[in-house]
Amino acid sequence: MATSLLARLGLPGFGKETQKHYGVIGNFDTPEDLLRAIRTARAAGYSKMEAYTPFPIHGIDEALGERRSPLGRIVIVCAMVGLTGAVLLQWWTGAVDYKLSIAGKPLFALEPSVPIIFELSVLLSAFGAVLGMFALNKLPTYYHSFFNYTRAAGASNDRFLLAVEATDAKFNAEDVKTFLDSCGSRHTELVEA
Amino acid sequence: MADLAIDPRTELNPPLVTGGATYSSVTDQISAITEGKPPKQWYVVMGVAIPLAMMLFGCLAYLVANGIGVWGNNSPVGWGWDITNFVWWIGIGHAGTLISAILFLFRQKWRTSINRAAEAMTLFAVACAGIYPLFHTGRPWRAIYWLFPMPNELLTMWQNFRSPLMWDVFAVSTYATVSALFWFVGLVPDLATLRDRATNPVRKTIFGILSLGWRGSASQWRHYELAYLILAGLSTPLVLSVHSIVSFDFATSLMPGWHTTIFPPYFVAGAVFSGFAMVVTLMTLARWVYGLENLITIKHLENMCKVMLATGTIVGFAYGTEFFIAWYSANQYERFIFLNRAFGPYAWAYWTMISCNVIAPQFFWFKKFRTSIPAMFTLSIFINIGMWFERFVIIATSLHRDFLPSSWGYFQPTWVDIGTFVGTMGLFLTLFLLFLRFLPAIAISEVKGVLHHQINTEKGVAH
């Protein structure tokens, strides 16, 4: 349990297997260059790729062949929990555990319960969206080999990076380097794991 | 024809980022604010804000030590400045959520330069608002048992969930929480930028922890963008619900002047109106202090002036509707309360409100006023004042002359009322200045997204 948690955080020494290289990372000037490189790489048969960009680029998921995020389903479940919880809370406290007649109004009715039902559904959905996104993105991450790339900082500034990962079946460091250079990469590097 | 030199697209839609900005110049410009020493003006304003915030804490300590009687609230005006200030601050927060959520859903790209600061403003405004009901309980350390359904041995009873005051507790606390989550999610990629730029190890560690190890990978952006969209979708009905529920505090009562169905939309419009006024007040100052004219352009400010014109006119229309309905209801109490509002002892407050909220924004029909910084700054101050008076007028005029003339009265604020109100402004300013100093005040990654779109449009690439 503890070991798997530490591995999930990416703490060194707790990884699945000791892999020598993360992959080869190429460095592009514009999002368009990056997209072109991804499409060429896919056509050339590479499949384990990851792009690093300073802002989300439209069309990159399709180019990388990523599926739609499952976050929406997580949020729907959270919303339902919030909704049910709010109904139960107001019904049980008002009509079961502490019955207090106020101006002869019903102890529990749907109409006056709507605001809190709405608020709790939104509250839990928001937590679902944020914590769900963190979980899907494995955040917080303590360590990631991407940062071994000497110009990793560019990905949060003005560079558009493409990593061909070492787990790719077709991976060969020299071939990938030559390939990314031919796509217009400005600085291609083999990155340690 | 010389006219052809002007691209009709840029004529209609002037660029949102000017001054030949590049991705790295955007990063540098915004990050530099948090990396260098703050300008002199920052210290000057901080020098005013911190003593005022201290005064707030002093007033609150005095209140806790002596009881609620130190405020001017008394029969018949049992709700005075405390609830006025509460509604005013909550309303100010609404512009932040409107900019970050509703304008996002409507794909209004001009929101990107102002959303971060407006969201921060929301958080700090809600924090200031929360102080009033919390301290109105007299014993804020026990308020958690009174306000939230916390099982405890102190009361052995539950809250009355049929009361709009309980709805308000849930609405405001949900609003504060969701706004904080939305704000933090927006900050993560920018915190990663600050981490990557940091040279000092302490700074690198702090931003390393805060940015949670964000890498900006395509798979992360994929979930991130959906989370952002969902949060925007949740915040949109949320922000409309919050001020609607705040208005229920009044509208579900049987008080003439409060018991009206127009309150929810009227309160929401007023909230957006006052919030945009506060955003304009703060942004004109921030862009001047930090030289952000190329990112927060006249176009952004002009759009905000248009929002103020629209919402201000809605508010003015609502004032008229209230009077019409009071007359049309043929209810003598309802008629009395409105005549008393406009011509009674609080006429001065009523006409201040009308001048500031209905007349002042009408200047924004003219482009000259919409594009002049001193004009919009002055008018935004008037609107801030007017919207405070709106809440005061609604609360005080409905309460001070109730059904029994023998109990009529006139609300007088005490020095503690005034000190607390001015003090919350100090707290708000302190928090806002700290935010400007230490966090990226403009959403770096979002501005780059807009810049990318702009570069492609200029190149004529179909998008």
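Residue-by-condition table, conditions (1) within 7 Å of chain B (Cβ to nearest Cβ); (2) part of a helix (DSSP H, G or I); (3) among the aliphatic types (A, V, I, L, M):
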{"position": "A:Ala95", "(1), (2), (3)": "no, yes, yes"}
{"position": "A:Lys99", "(1), (2), (3)": "no, no, no"}
{"position": "A:Glu111", "(1), (2), (3)": "no, yes, no"}
{"position": "A:Phe118", "(1), (2), (3)": "yes, yes, no"}
{"position": "A:Leu124", "(1), (2), (3)": "no, yes, yes"}
{"position": "A:Tyr142", "(1), (2), (3)": "yes, no, no"}
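Only one of the numbered conditions (1) assigned to a helix (DSSP H, G or I); (2) in contact with a Ser or Thr (Cβ under 7 Å, 6 or more places away or on another chain); (3) more than 29 Å from B:Trp71 (Cα to Cα); (4) not aromatic (Phe, Trp, Tyr) is violated by B:Met387, and that is (3).
When each of B:Ala375, B:Ala441, B:Ala360 is tested for being within 24 Å of B:Leu285 (Cα to Cα), among the aliphatic types (A, V, I, L, M) and within 18 Å of the chain's Cα centre (by Cα), the lone residue that passes is B:Ala441. Looking across segment B:329-386, the residues that are out of contact with any Lys or Arg (no Cβ under 6 Å at 6 or more places or on another chain) and of a type in the set (Ser, Thr, Tyr) come down to B:Ser329, B:Tyr333, B:Tyr346, B:Thr352, B:Ser355, B:Thr371, B:Ser372, B:Thr378, B:Ser380. For the subset of segment B:207-229 comprising residues that are among the aromatic types (Phe, Trp, Tyr) and closer than 21 Å to B:Ser100 by Cα, which member is farthest from the chain's Cα centre (by Cα)? For segment B:207-229, the residue satisfying everything is B:Trp221. If we scan segment B:131-145, do we find a residue that is surrounded by fewer than 24 Cβ atoms within 10 Å (Cβ to Cβ), within 28 Å of B:Ser398 (Cβ to Cβ) and modelled with pLDDT under 90? Yes, the conditions are met somewhere in segment B:131-145. Could you list, in sequence order, all residues of segment A:105-148 that are in contact with a Gly (Cβ under 7 Å, 6 or more places away or on another chain) and either among the small types (Gly, Ala, Ser) or under 27 Å from A:Gly94 (Cα atoms) (or both)? Result: A:Leu107, A:Phe108, A:Leu120, A:Ser121, A:Leu123, A:Leu124, A:Ser125.
Residue count for segment A:49-92, restricted to those that are surrounded by fewer than 19 Cβ atoms within 10 Å (Cβ to Cβ) and not aromatic (Phe, Trp, Tyr): 20.
The values are calculated or read from the model by the stated rules, or taken from the named source; none is laboratory data. All figures in this text were calculated on a predicted structure; none of them were measured in a lab. FYI the Cβ positions are ideal-geometry reconstructions off the backbone, even for glycines, and counts take in every protein chain you see.
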